[in-house]
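S.K.: Please read through the structure below; I'll follow up with questions.
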Amino acid sequence: MERLSVTRRLATVFAATAVVASVFAGSAGAEPATVDWAGAARQLRAAAAGNPAAEQAVDRLVASGQVNKAGQVALPAQPFQIPAQSDIGRGDGPGVYGSGIALGLDGFRFGFFGGPGTIAPNQSGAKLEVLWINLSNGRSGTEVLYEHQDVPVDTTIRTRPLDTGGGLIVAAVYGTLWHRWSVPVSDANPDGFQYQRGTISVPSFGAVYN
């Protein structure tokens, strides 16, 4: 069974976004700083009002105790400070799964990367979403992560470009995601792939300057 390491996935993501990251870093209006994670989570929960799936995701995040970790705010092309956990995890059981990420690809986007294997091109029956709020201007929203290219190997799945405005943005990625990896062709795997759907139990949570 092929399971790409987190190190290899990170290397691929950063290689693909290095130029974008340098542009953002040079033009960002504020330097990375610490953030009141608990306060950010409360505001994110308020932004989820009326969306049961988003409300439940933030409630699970708060209950996990993960938001009580102080850290630096990231610039785009950096993974979220708190990774997601899921029923499949990075190995053969529940645990740490992957991470949300802010990207500068044709505009500001949210993405997600994680394993096992690679992200399947067909996400029918799965739905990965991000809930975000810009603490600097009050804008907020929920977006589906759906853009993914299978060739060349693509380690992220992304939202459409978003007009969040500038400032400090906090976000949480939650939902479900299909993965696949190469296996011998058989009656059970006629296309030469095995598939597994991950369900996020604790969202990936982060803060980023746009």
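The values are calculated or read from the model by the stated rules, or taken from the named source; none is laboratory data. Quick caveat, the model's predicted, so the values are computed rather than measured. Glycine also receives a Cβ, built like all others from the backbone with ideal geometry; neighbour counts cover every protein chain displayed. In case anyone asks, the SASA skips ligands and DNA or RNA and just uses the protein heavy atoms, side chains included. Shrake-Rupley method; radii C 1.70, N 1.55, O 1.52, S 1.80 Å.
S.K.: For a quick check of your reading of the model, give me the residue pairs whose first member lies in the stretch 45-69 and is touching a residue at least 40 places away in the same chain (Cβ under 8 Å), whose second is open to solvent by 50 Å² or more (accessible area, probe 1.4 Å) and in a loop (DSSP other than H, G, I, E, B), with beta-carbon atoms closer than 6 Å and at least 6 apart or on different chains.
M.R.: Nothing qualifies.
S.K.: I'm trying to understand the selection: among the residues of the stretch 101-149, which are open to solvent by less than 40 Å² (accessible area, probe 1.4 Å) and of a type in the set (D, E, K, R)?
M.R.: 109, 129, 143 - these are the residues of the stretch 101-149 that are open to solvent by less than 40 Å² (accessible area, probe 1.4 Å) and of a type in the set (D, E, K, R).
S.K.: Now, a different point. Take the residues in the stretch 49-59 that are assigned to a helix (DSSP H, G or I) and of a type in the set (A, V, I, L, M, F, W, C), then tell me which one is farthest from the chain's Cα centre (by Cα).
M.R.: Filtering the stretch 49-59 for residues assigned to a helix (DSSP H, G or I) gives 52-59.
Then keep just the ones that are of a type in the set (A, V, I, L, M, F, W, C); that gives 53-54, 57-58.
On the way: 53: 16, 54: 14, 57: 13, 58: 14 Å.
Ranking the candidates gives 53 first.
S.K.: A further question on this structure: Taking the stretch 164-187 as the search range and keeping residues that are touching a strand residue (DSSP E or B) at 6+ places or on another chain (Cβ under 8 Å), free of Cβ contacts under 8 Å to residues at least 60 places away in the same chain and assigned to a loop (DSSP other than H, G, I, E, B), which one is nearest to residue 204 (Cα to Cα)?
M.R.: Checked the stretch 164-187; the qualifying residue nearest to residue 204 (Cα to Cα) is 164.
S.K.: Limited to the stretch 188-210, what total is found for residues that are in a strand (DSSP E or B) and more than 16 Å from the chain's Cα centre (by Cα)? Spell out the reasoning first.
M.R.: Filtering the stretch 188-210 down to residues in a strand (DSSP E or B) leaves 193-202, 204-209.
From what is left, the residues that are more than 16 Å from the chain's Cα centre (by Cα) are 193-196.
Residues that pass the stated criteria total 4.
S.K.: Which condition from (1) among the charged types (D, E, K, R); (2) touching a Pro at 6+ places or on another chain (Cβ under 6 Å); (3) at pLDDT below 90 is the one that residue 69 breaks?
M.R.: Residue 69 satisfies every listed condition except (2).
S.K.: Taking the stretch 156-204 as the search range and keeping residues that are among the basic types (Lys, Arg) and buried (at least 16 other Cβ atoms within 10 Å of the Cβ), which one is nearest to residue 53 (Cα to Cα)?
M.R.: Within the stretch 156-204, the subset among the basic types (Lys, Arg) is 158, 160, 180, 197.
From what is left, the residues that are buried (at least 16 other Cβ atoms within 10 Å of the Cβ) are 158, 180.
Details: 158: 19, 180: 25 Å.
Looking at residues that are among the basic types (Lys, Arg) and buried (at least 16 other Cβ atoms within 10 Å of the Cβ), I get 158.
S.K.: Does the stretch 110-136 hold any residues that are within 24 Å of residue 49 (Cβ to Cβ) and modelled with pLDDT under 95, and which are they? Can you show your working first?
M.R.: Here is the first cut: in the stretch 110-136, the ones within 24 Å of residue 49 (Cβ to Cβ) are 110, 112, 127-136.
Passing the criteria: 135, 136.
S.K.: Can I ask one more? Looking at residue 131, is it in contact with a Phe, Trp or Tyr (Cβ under 8 Å, 6 or more places away or on another chain), under 18 Å from residue 61 (Cβ atoms) and not charged (D, E, K, R)?
M.R.: Values: in contact with a Phe, Trp or Tyr (Cβ under 8 Å, 6 or more places away or on another chain): yes; under 18 Å from residue 61 (Cβ atoms): yes; not charged (D, E, K, R): yes.
Spelling it out, residue 131 is indeed in contact with a Phe, Trp or Tyr (Cβ under 8 Å, 6 or more places away or on another chain), under 18 Å from residue 61 (Cβ atoms) and not charged (D, E, K, R).
Listed here are the residues, each with its yes/no results for (1) of a type in the set (Ser, Thr, Tyr); (2) modelled with pLDDT under 95; (3) within 16 Å of the chain's Cα centre (by Cα); (4) on the phi > 0 side of the Ramachandran plot.
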{"site": "61", "(1), (2), (3), (4)": "no, yes, yes, no"}
{"site": "76", "(1), (2), (3), (4)": "no, yes, yes, no"}
{"site": "106", "(1), (2), (3), (4)": "no, yes, no, yes"}
{"site": "151", "(1), (2), (3), (4)": "no, yes, no, no"}
{"site": "156", "(1), (2), (3), (4)": "yes, yes, yes, no"}
